[in-house]
Amino acid sequence: MSSHKRTHPDIPSETPGRTSPVKRARTDSNHDPSCNDTACPGCAAGELEIDFGSEAPKSASELYREALDERDNGRGVPLSPDESRDSDAEDQEAIFAKRRKVTGLFEMAVSAFEAELEAHEAKGMAAAGSSSASGSSRHPPASSLETRIMFASLLVDFGVYLPLRSMIDRGVDMYLSCVAEAEAEGSGAMAPVFVGLGRARMESLIVKCRGEDKVLDDVEEDSGDEEDAREREDEKAALKSAVEEARRGLSFVEGEKEKYARECLLLATLFKDYAAFQRRRERRKRSPDTLLLSLDTALSLISAAAAAHPEALEENPLNVGMWGSCLFHLADHRKNIERDEARELARDANEKLRVAAARAATTTTGSQVDTPSLVEILHSRAQTCMLLSTIEETSEAALAAFEEAERILKEAGDLDPDNEEIQAQLDTIAELNEEENMVGGSGDYDSDDDSWEDEHEEEEDDE
């Protein structure tokens, strides 16, 4: 239940009267040779040109806002291989054109921030020289803290969008450069710096995991136990820093209940996403310590948000679904360590996901139900019921949980028939039912049957 649209920094609104990006006029050099429209002023395949006319160029913050608005207005993310096969050339070109547009706006915003900071630094150096000549001890003005915080946020957003971890890490460094000045200024600057820093570290870890996820099926050379251990320790240190920095930043907005709850939930999403990736990783890259720390942090942040501003969970079914999903991941981790605890966690997760699904089915955007969100929640609940079918105390309860998982998966599959993961799990259930029928169809379900579980989801007993 994640998205690249996680946060919007406080950016000044666009100045009225500014012009918007336009396509470069048609020329032989930029026109798509496959276009037969004689009236076409310039294809989407051509570069974008920002025409400001006689007005001054937009500020860095205005370009950043425009990049975020364009990113969030429809789809501007790459197609998966399956979507590419199912989409026609026109749809793909429209998505690629939008992505080029968003990327171009982000790049212009980065350049504008760099120019602003360089100009500020040059002005400071000139002031320092003047002070030295006059014998004054006045220190040169530092770059605007607000500008550098906003620039750090931009680097993180741009890095997540690409995705490019080095860009996000550049945002981490920019936030770190703001710490001393934020501490000098006091609480007003502490929250955005430390919450932003915690968020940036988590986004960096998640992009790293996503990169591993894409090549999981490739044949990779073993990097060696020592290198793997060092990598796990580095990740654990980054995770601990993110937890400490996020909590420190949140402490400065705890009195603003609504804002505090919103920030808690945004951060909880990141810790939950990292935990989910952690469970799918190769065993040599996994760490029970980081998994538990990320899950515990996500759950404590969700609980804090619920206590501070309950409406924050009630307004968005995905927030309740995230709560249930975290409980499911924790139960699945604990199933081979403490079965009774895992069973209670899974039951709690199932109830929260049931509530979330009911709300999602009646929550509309415009006049439409948010089907992707509903499918996500249903899928999580089906997985939770399937887990319960392996840890319930009686065969009757296990069979009921199995049948409920099958029913919910079919509902999710009907809503999203192109979802390969759901269809694969339905095929697995069909195979299990066929095997049951072949051996006599006694109706007894073996709650210790682990044939459903994926090898990457298993946890060692000694963890």
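The values are calculated or read from the model by the stated rules, or taken from the named source; none is laboratory data. Please read all numbers here as calculations on a predicted model, not as lab measurements. We place every Cβ from the backbone using ideal geometry, glycine too, and count neighbours over all the protein chains shown. Each accessible area value is taken on the protein alone, full model and side chains, heavy atoms only, with ligands, DNA and RNA left out. Shrake-Rupley method; radii C 1.70, N 1.55, O 1.52, S 1.80 Å.
For the peptides 260-269, 173-182, the ranking by mean Cβ contacts within 10 Å, running from highest to lowest, is 260-269, 173-182.
Give me the net charge of residue 256's neighbourhood, meaning all other residues with Cβ under 12 Å from the Cβ of residue 256; Lys, Arg count +1, Asp, Glu -1.
Working: positive: 257, 259, 262; negative: 254, 258, 263.
Spelling it out: positives minus negatives among the neighbours equals 0.
Please give the contour-minus-distance gain from residue 118 to residue 351: 0.36 nm per residue of separation, less the Cα-Cα distance, rounded to one decimal in nm.
Details: separation 233, 0.36 × 233 = 83.88 nm, distance 5.44 nm.
So the extension gain works out to 78.4 nm.
Taking a ≥ b ≥ c as the square roots of the Cα gyration tensor eigenvalues, region 291-442 comes out oblate, since a/c reaches at least 1.5 and a/b does not exceed b/c. Stretching residue 231 away from residue 362 to a fully extended chain increases their span by 42.7 nm, per 0.36 nm per residue minus the current alpha-carbon distance.
Each residue of region 298-308 is assigned a 3J(HN,Hα), and the resulting list reads 4, 5, 5, 5, 5, 4, 5, 5, 5, 6, 6 Hz, derived from the Karplus form 6.51 cos²θ - 1.76 cosθ + 1.60 (θ = phi - 60°), x at Gly and Pro. For residue 395 and residue 257, a Förster radius of 35 Å and the Cβ-Cβ distance give a FRET efficiency of 0.15, rounded to the nearest 0.05. Going by accessible surface with a 1.4 Å probe and the largest first, 343, 407 read 407, 343. Taking a threshold of 25 Å on the Cα-Cα distance, which of the pairs 240/352; 236/257; 208/236; 236/352; 58/101; 259/352 fall above it? Beyond 25 Å between Cα atoms: 240/352; 236/257; 236/352.
Placing dummy labels 7 Å off each Cα toward the beta-carbon, the span from residue 432 to residue 166 is 4.6 nm.
With all protein chains present, calculate the accessible area of residue 72 using a 1.4 Å probe and round the result to the nearest 10 Å². For residue 72, the solvent-accessible surface is approximately 40 Å².
Of the listed residues 309, 120, the order by accessible area with a 1.4 Å probe, largest first, is 120, 309.
How large is the charge dipole for region 250-295, taken about the Cα centre, if only the Cβ atoms of Lys, Arg (+1) and Asp, Glu (-1) carry charge, to the nearest 20 debye?
Numbers: 11 positive and 7 negative charges, 107 e Å.
That gives region 250-295 a dipole magnitude of about 520 debye.
The local environment of residue 358, defined by Cβ-Cβ distances under 14 Å, has a net charge of 0 under the rule Lys, Arg +1 and Asp, Glu -1.
If I stretch the segment between residue 180 and residue 296 completely, what's the gain in nm (0.36 nm per residue apart, minus their alpha carbon distance), one decimal?
Details: separation 116, 0.36 × 116 = 41.76 nm, distance 2.95 nm.
Value of the extension gain: 38.8 nm.
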